[in-house]
Amino acid sequence: MKNRGRFLLILGVLLVVIDQVIKVLVKTNMTLGESIPVLGNWFQLLFVENKGMAFGMSFGGVLGKYLLTLFRLVLFGVLVWWISKLLKRTEKVPTGVLVGLTLITAGAFGNIVDCLCYGLIFSESTYQTVATLGSYAPFMQGKVVDMFYFPLWTWPSWVPGLGGHIFFEPVFNFADSCVTCGAIYLILFHWKFFAKE
């Protein structure tokens, strides 16, 4: 149990550190809206900031942002509690289940850090200036930094309802990838465990 717990802790910390290093590099080296091609037009680093929930949706202004951040903190706490509970079980819990939950937890925490701290430690990112040390928002009001953009193709104009639209428009970050990969992995390979739970 101790070895698996130590492994999960190291994995979680490593994922959060990778996420934060990428975000800080983007925030302090790119202007808002700046794009750097990585694989032609198929994969770009595109710096945008997310004011609220996934895909840039907002939730009830300033009060909504406080409530959303509190909800994220509670959810993070529940995930940490659940993982520690699974680690203490006498019967063997598959390591894959614990790794999948750790991916989700680390991803959630990575975005929580942005909301809690980025407004306090960085100046406002704009379309003309790169952020420096400073402050642009109070505690719990920071924006989440997103940068991965995969505009794989544009639907042909003759496709009803989709014509002219990019196939995959969301801009996301490493933390989002951790949450998504962890969830898909658990659904595909460990659904029987959760069905029993």
Flagged pairs (Cβ under 9 angstrom, 6 or more apart or on separate chains; first in region 5-16, touching a residue at least 40 places away in the same chain (Cβ under 8 Å) and closer than 10 Å to LEU103 by Cβ; second open to solvent by 20 Å² or more (accessible area, probe 1.4 Å) and not in a helix (DSSP H, G or I)) are none
Residues of region 107-131 being within 30 Å of PHE189 (Cβ to Cβ) and either in contact with a Phe, Trp or Tyr (Cβ under 6 Å, 6 or more places away or on another chain) or open to solvent by less than 10 Å² (accessible area, probe 1.4 Å) (or both), in sequence order, are GLY107, ALA108, PHE109, GLY110, ILE112, ASP114
Exception for LEU103 within (1) among the hydrophobic types (A, V, I, L, M, F, W, C); (2) farther than 21 Å from PHE150 by Cβ; (3) assigned to a helix (DSSP H, G or I) falls at (2)
Check your understanding: Somewhere in region 119-142, is a residue closer than 20 Å to CYS178 by Cα and outside any loop (DSSP other than H, G, I, E, B)?
Key -> no
Subset of region 76-104, residues surrounded by 14 or more Cβ atoms within 10 Å (Cβ to Cβ) and aliphatic (A, V, I, L, M), comes to LEU79, VAL80, ILE83, LEU86, LEU87, VAL93, VAL97, LEU98, VAL99, LEU101, LEU103, ILE104
**Prompt:** Taking SER135, is it open to solvent by less than 30 Å² (accessible area, probe 1.4 Å), at pLDDT 90 or above, of a type in the set (S, T, N, Q) and farther than 30 Å from TRP82 by Cα?
**Reply:** no
Within region 12-43, residues in a helix (DSSP H, G or I) and over 17 Å from VAL113 (Cβ atoms) come out as ASN29
Subject >> Verdict on PHE148 being in a strand (DSSP E or B) and open to solvent by 30 Å² or more (accessible area, probe 1.4 Å) >> reply: yes
Of the residues in region 1-11, those that are assigned to a helix (DSSP H, G or I) and open to solvent by 80 Å² or more (accessible area, probe 1.4 Å) number 6
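The values are calculated or read from the model by the stated rules, or taken from the named source; none is laboratory data. Worth saying up front: this structure is predicted, and the values here are computed from it rather than measured. So basically every Cβ, Gly included, is an ideal-geometry build from the backbone, and we count neighbours across all protein chains shown. Each accessible area value is taken on the protein alone, full model and side chains, heavy atoms only, with ligands, DNA and RNA left out. Shrake-Rupley method; radii C 1.70, N 1.55, O 1.52, S 1.80 Å.
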